[in-house]
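Engineer: Here you go, one structure.
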Amino acid sequence: MTYNIPRAGNEMRTSAYAGRADDVNAVTILVGTMTGTAELVANDMCDAIAATGREAAVLPMDELAAEVFQRPGVFVICSSTYGQGDVPDNAMKFYANLEQAAPDLGHVQYGVFALGDRTYTDTFCHGGRRFDELLTKLGATRLGEVMRHDASAGTVPEAVGLDWIQAWLADLTSVEAKAA
């Protein structure tokens, strides 16, 4: 297994990613983060995905556009929430691009791991929720329920992320088996 982990700019972490457009064994994790916590969660998820033999990549949303959904496989949105329920700064341009371009994402399947703090009851996990609503509006299909991590719960987000991604992958495997 190889990793490409640039240290500056638009960072990307991969595990030998070279799949085909129809390869559901490839998982791309799109990261929206302010403080880096969502990226830490995503990197741990990437390692867990790679350990199952699937191809995995982590892409920060900084310079992404709608064309990212032409990548092979399925997607995970891993996003924190900022301000008044906004997507993080590094995800704003990507979110706006998706809204404006309004591509048909009927071929896209995805999961959502949202990070937030329940003490902000009106906007808890809205960054991930906003992506979920937009992707659904654009025709994408969510696989499983949105996982909402609560920063005030005293749980470690990386550990919760690992538990969630393992369950999500098991569900994905079930869907694949039924389709075969």
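Please treat every number below as a calculation from the coordinates, not as lab data. Just so it is clear, the structure is predicted and the values come from calculations on it, not from any experiment. Using ideal geometry, Cβ is built from the backbone for each residue, glycine included, and neighbour counts are taken over all protein chains shown.
Engineer: Looking at the structure I just gave you, is residue 133 farther than 23 Å from residue 40 by Cα, exposed (fewer than 15 other Cβ atoms within 10 Å of the Cβ), under 16 Å from the mean Cα position of the chain (by Cα) and not β-branched (Val, Ile, Thr)?
Structural biologist: yes
Engineer: Also: Give me the pairs: first residue in region 75-102 and within 17 Å of residue 138 (Cβ to Cβ) and without any contact (Cβ under 8 Å) to a residue 24 or more places away in the chain, second residue of a type in the set (A, V, I, L, M, F, W, C) and in a helix (DSSP H, G or I), beta-carbon distance under 6 Å, and six or more apart or on different chains, which are they?
Structural biologist: none
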